[in-house]
Ligand SMILES: Cc1cc2nc3c(=O)[nH]c(=O)nc-3n(C[C@H](O)[C@H](O)[C@H](O)COP(=O)(O)O)c2cc1C
């Protein structure tokens, strides 16, 4: 199984990365992991130049991490998006990555994009408030459609500025359950 995991926090080793690492540990099946930590890769913002409309499957920016990200997103079986919210929305670095997938959105034939499962981990520092993760959901609504994703779980960790994700029993249990689901799906596919 090929997994693409995107770590969208601007801080390495904090709640987002901890939750992502915890989730990956729940997966028993063999997997090949392509981990994109937004702090360790270069991603230019989308230029909105429409080059990818005329040049199907190509982005005008070729010297950053995105050519590799496109390839992996196209063929992976499981996509994991782990991100904090800044002002209730995706932070700028991961948002740049999301915007750059406009190249895939603009494909006239998207049949090369394999059907995949999607797991989302949202992290918010404040105690839970209405619509805390709404902007993430709105963004991913489109993402799911054009990247051929079936969402199998969205775990939301609130209050992380006071309570570490590793102290949030409900959140960890949810991640465990989704991990079990992934293991079942892999086992079913093997039989
Ligand atoms: C610029 C900025 C804006 C933030 N805005 C929000 C917010 O709107 N709502 C919220 O719940 N937490 C907000 N936070 C808190 C982060 O979501 C929280 O610290 C989270 O744990 C960060 O992820 P990390 O622990 O992986 O770094 C904000 C943090 C920063 C740096």
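The values are calculated or read from the model by the stated rules, or taken from the named source; none is laboratory data. Everything quoted here is computed from the prediction, not taken from an experiment. Cβ coordinates were reconstructed from backbone atoms using ideal geometry, including for glycine residues, and neighbour counts include every protein chain displayed.
Brief remarks follow.
- In the stretch 65-77, the residues that are out of contact with any strand residue (DSSP E or B) (no Cβ under 9 Å at 6 or more places or on another chain) and crowded, with 16+ Cβ neighbours inside 10 Å: 66, 70, 74
- Qualifying helices (runs of 4 or more DSSP H) (wholly inside the stretch 64-159; at least 1 residues being more than 16 Å from the ligand (Cβ to nearest atom) and under 14 Å from the mean Cα position of the chain (by Cα)): 66-75, 92-100, 134-146
- Within the set 18, 47, 62, the sole residue that is more than 21 Å from residue 149 (Cβ to Cβ) and in contact with a helix residue (DSSP H, G or I) (Cβ under 7 Å, 6 or more places away or on another chain) turns out to be 18.
- Leading residue by the ranking (nearest to residue 86 (Cα to Cα)) among those in the stretch 160-172 that are in contact (Cβ under 8 Å) with a residue 40 or more places away in the chain and assigned to a helix (DSSP H, G or I): 165
- For residue 149, the conditions (1) over 27 Å from residue 99 (Cα atoms); (2) in contact (Cβ under 8 Å) with a residue 60 or more places away in the chain; (3) surrounded by 15 or more Cβ atoms within 10 Å (Cβ to Cβ) all hold with the exception of (1).
- Of all residues in the stretch 47-61, none satisfies being away from the ligand (no atom under 16 Å from the Cβ), at pLDDT 95 or above, within 30 Å of residue 158 (Cβ to Cβ) and surrounded by fewer than 19 Cβ atoms within 10 Å (Cβ to Cβ).
- Among the residues of the stretch 1-34, those identified as part of a strand (DSSP E or B) and within 15 Å of the ligand (Cβ to nearest atom) are 5, 6, 7.
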